[in-house]
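The values are calculated or read from the model by the stated rules, or taken from the named source; none is laboratory data. Since this is a predicted model, take the numbers as computed values, not measurements. Glycine gets a Cβ as well: all are built from the backbone with ideal geometry, and neighbour counts include every protein chain shown. Note: areas computed on protein heavy atoms with side chains; ligands, DNA, RNA excluded. Shrake-Rupley method; radii C 1.70, N 1.55, O 1.52, S 1.80 Å.
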Amino acid sequence: MSGPDAVAHDAEPIRKIGFVGIGNMGWPMAANLVKGGFEVTVSDAVPGRASQFAAEVGGRAAGSASEAAQGAEAVVTILPTSAQVAEVAAAIGPALAPGSLVIDMTSGQPGKTREIAAELAGRGIGMIDAPVSGGVPRAKNGSLAIMLGGEDALLDRAEPVLKAMGTSLHRCGGIGAGQAMKALNNLASAGNFMLGVEVMLIGQRFGLDPAKMVDVLNASSGMSDSSQRKFKQFVLSRRFDDGFALELMVKDLGIALEVGRQTATPTPLAALAKELWAAALSSLGPGNNHTAGAQLPEKLAGEILGGNK
């Protein structure tokens, strides 16, 4: 038998974890695994970052993903794209024993993830997808929402690991389902964000205080994650630094629209949202936080929220 169903489901609890990708989100997530008593070996593409983590947090530093996988019962990956996950999976496959598990927490492409899972299954290695929502603050305090895709037996085995990083675990379906859900969640969030910025610009021109508008939205039916956690904190403050990159938001919206195309679902509003965010990225350039996307509607209006024209 080939494919994910061919994977042996080892009942032994996971204690030794390789963690690949300790960026803005990965660092605090791996730190919570260390705090949870797991034996964690970290690796990262940025030279010296793994050693810095080991020195500041604990665990062990590895010079490569394959080294991090040596002796691991599970490997967690959280990387920018599925293409990078595929490269890591090819590198760590020979180092992992049959019955081990890959937990991909990347906001990736469901179709590509299914391909990777099938290749790993040929080695007797299981894979689940487990992308997260909540940003850096919730990664730090271990309260992430985690969207899961994969076989129930594999999800059962991964659950203690996941609970060290998140408090809200949602089983969405087979492999790739978690990533589809994550992209669609970000599509809803992205649309709410841009519409909320436009709402505040209209109100400001009318004479309303944007900060007061946020208070009213949060007490009314216009409430959203953006009104609760982004508008005052990162837009009106002009900090634009919540830890999630603008280019990653555009990537996730592309994945959501890809799922829409694959399911033959009409997505006129989603397509418009994707174009607005792509225009923000084109205008601001890479390296910006996604909350800086508010500057596109501000530019179109010729007005800065909380400031002057």
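From helices alone, the chain scores -15000 deg cm²/dmol at 222 nm; the rule is -39500 (n - 2.57) for each run of n ≥ 4 DSSP H residues, then divide by the residue total.
Just the protein heavy atoms count here, and of the accessible area of the range 1-148 at 1.4 Å, carbon and sulfur take up 51 percent. The alpha-carbon atoms of the range 109-153 define a convex hull whose volume equals 93 cubic angstrom per residue. If you roll a 1.4 angstrom probe over the protein chains with everything in place, what fraction of the accessible area of the range 163-225 belongs to carbon and sulfur, to the nearest %? About 61 percent, which is the carbon plus sulfur part of the accessible surface. Mind checking the per residue accessible area of the range 117-189 for me, 1.4 Å probe, whole number of Å²? Result: 35 Å² of accessible area for each residue.
Enclosing the Cα atoms of the chain in their convex hull gives a volume equal to 131 cubic angstrom per residue. Please find, in a Gaussian network model of the chain (springs between Cα atoms separated by less than 10 Å), the residue of Ala264, Ala164, Ala211 whose mean-square fluctuation is greatest. Checking each option, the largest mean-square fluctuation is seen for Ala264. A P(r) calculated from all alpha carbon pairs of the range 166-261, with 5 Å bins opening at zero, reads 3, 11, 18, 21, 17, 14, 9, 4, 2, 0, 0 percent. For the range 211-246, the set of trypsin sites (Lys or Arg not before Pro) satisfying both a DSSP loop assignment and a count of at most 14 other C-beta atoms within 10 Å is given as Arg239. Out of Val76, Val214, Val40, any idea which swings most in a Gaussian network model of the chain, alpha carbons joined below 10 Å? Residue with maximal mean-square fluctuation among Val76, Val214, Val40: Val214.
In units of the compact-protein estimate 2.2 N^0.38 Å, the range 135-186 shows a Cα radius of gyration of 1.11.
For the chain, DSSP calls about 15 percent of its internal beta bridges antiparallel.
Each residue, Thr267 and Val216, gets one label point 7 Å from its Cα in the Cβ direction; the gap between the two is 3.4 nm. A simple spin-label model places pseudo-atoms 7 Å from Cα toward Cβ; at Leu208 and Arg229 they are separated by 2.4 nm.
Only lysine pairs 8 or more places apart, or on different chains, with alpha-carbon atoms under 16 angstrom apart are counted in the chain, and they number 13. Excluding ligands, DNA and RNA, the accessible surface per residue across the range 13-84 is 41 Å² with a 1.4 Å probe. Binning the alpha carbon pair distances of the range 201-309 at 10 angstrom intervals from zero yields the distribution 14, 39, 36, 11, 1, expressed in whole percent. For the options Gly287, Gly59, Gly196, a Gaussian network treatment of the chain with springs between C-alpha atoms closer than 10 Å singles out Gly287 as fluctuating the most. With respect to the chain, whose longest principal axis is taken over its alpha-carbon atoms, helix 246-262 is tilted by about 80°.
Against the chain, whose longest principal axis comes from its Cα atoms, helix 82-92 is set at around 20 degrees. Using only the C-alpha atoms, the convex hull of the range 30-95 corresponds to 81 Å³ per residue.
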